[in-house]
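After the C-alpha cells below, expect a handful of questions from me.
Bear in mind these aren't lab numbers, they're just calculated from the coordinates by the rules spelled out. Keep in mind that what you see is a predicted model, and the values were worked out from it rather than measured. Reconstructed Cβ throughout: ideal geometry from the backbone, glycine too, with neighbour counts over all protein chains shown.
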Amino acid sequence: MIRWLSIVVVLYMLAALTWWTVLLHRGQTKLSEAKEKILQLQYDRVYGVKDFDTTQLSELQDIHAERTSFHYMIHGEAIVFALALILGIFYLYRLYKKEISVASQQKNFLLSITHELNSPLTSIKLVFETLKRRALGPEQVQTLSSNGLEETNRLESLVDKLLFGAKLESSYSFHMEESDLNRFLDGIVSRYQQQFTNYSFTLDTDTEISRPIDKEAMTIMINNLIENAIKYSPKHTEININLTENNGKALISVVDQGVGVDKKDIPFIFDQFYRSGSEETRTTKGTGIGLYISQQIAKAHNSKLNVKVRKDGKGSEFFLEL
C-alpha cells in the first residue's frame, strides 16, 4: 500500500511539474508576442510606418532573446528539478527497501535464535528429568549424559558465537601470533572426527606452513565453516579441510558434498542475519551470523572469505587466502 501511494505521489508531482512548465512557457510566449504588438503599435502611432526600421529591429531582437533565454531557464530548471526528484525518490526507495530487508532479516534472526536456544535447553531439561524420575542402568545413564553433554556443547558454541559477534561490533582486539597452521587445523579436525562419527573428515596438507593468526578468532571461523558443511551435507559423506601454499599465500579451504550454495544467494551469504528462504519454511538450523562473523575475522587477517559452487553441482567450497 505504501509503495503504491509513493508511486502515485511521484507521478502527481511530475505531472504538476510538467503542467506548470507548460503554463510558464505559454505565458512567456504570449508576453513576448504582446510586447511585439505594443512595439508595432507605438511605431505606427509615432512614425506612421508599417515596416520595421533598424531601431525597431534591435528592440525586437532583444524581445526574442529575452523570450529564448526565459524558455531555456524554464526547461532547464524543470529538467533539473525532475532529475533531482527522480534521483531522490530512487535513493529513498533503495533505503526503504534496505530497511525492510534488514527488518526481515532481524525478524528471522530472532525466530531462529529463539529456536536455537530453546532446542538444546529442552533436551538438557529432559535429560535431567529422566535421571531424576527413573532408576536407570549405567549404560542408560551414560547415553543420557552424553546426549546432555552434546546439547550443552551445542548451547555453549551458540552463546560463544553470539558473544563473539557482539565483541566484533564493539571491543574485540585481534592478537596475532605466529602459528603452525598444520598443527592448528589438525587439532580442530581431530575434535570433529571424535564428535561427529557419521561424517568423514580429512585434512590434506602439502607442506609445513605457519602464519600470524588470532587463534581464538580463527578457530571460530574454521568451526563455522565445518559446522556449515555438516549442516548441509548428508550423513556418511566426506568433508575435506585443505591447506596449501601458492605464491606466498596460504590457502585454507573447507569442501563438502552437500546441497551447495544457490548462485542467487552468493552475493548475500556473508551479510549479517542473512539466510536464504523464510524462517517459517526453512528446515536447516542456524542464525545467519556465522558466515558474517567469519568474513569479519578474515578481513582482520587482511584476507577475504570466498565461496564457489563445485562444477558437478554437489557441495560447495569456502576458501581463505592468508
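Hey, with R₀ at 30 Å, roughly what FRET efficiency would Leu251 and Ala103 work out to, going by the Cβ-Cβ distance, to 0.05?
It comes to 0.20.
Going down the list Lys264/Lys299; Lys231/Lys299; Lys125/Lys304; Lys235/Lys264; Lys215/Lys308, which pairs span over 32 Å between their C-alpha atoms?
Lys125/Lys304, as the Cα separations exceed 32 Å there.
So how do Glu238, Glu317 line up by other beta-carbon neighbours within 10 Å, fewest first?
Glu238, Glu317
Around Glu208, with a cut-off of 15 angstrom between Cβ atoms, what is the net charge of the other residues, counting Lys and Arg +1 and Asp and Glu -1?
-4
Rounded to the nearest whole Å³, what is the per residue volume of the convex hull around the Cα atoms of the range 201-262?
Enclosed volume per residue, from the Cα hull, is 102 Å³.
Any idea how far apart Asn306 and Glu156 come out in nm if each label point goes 7 Å out from Cα toward Cβ?
About 3.6 nm, to one decimal.
How large is ³J(HN,Hα) for each residue in the range 180-196, as worked out from phi by the Karplus curve 6.51 cos²θ - 1.76 cosθ + 1.60 (θ = phi - 60°), to whole Hz, x for Gly and Pro?
With the stated coefficients, the range 180-196 comes to 7, 5, 4, 5, 4, 6, 4, x, 5, 5, 4, 5, 6, 4, 6, 7, 10 Hz.
Let me ask another. Per Stokes-Einstein, at 10 °C and 1.306 mPa s, what whole-number D in µm² s⁻¹ belongs to the range 177-321, with the Kirkwood radius over Cα pairs as the hydrodynamic radius?
101 µm²/s
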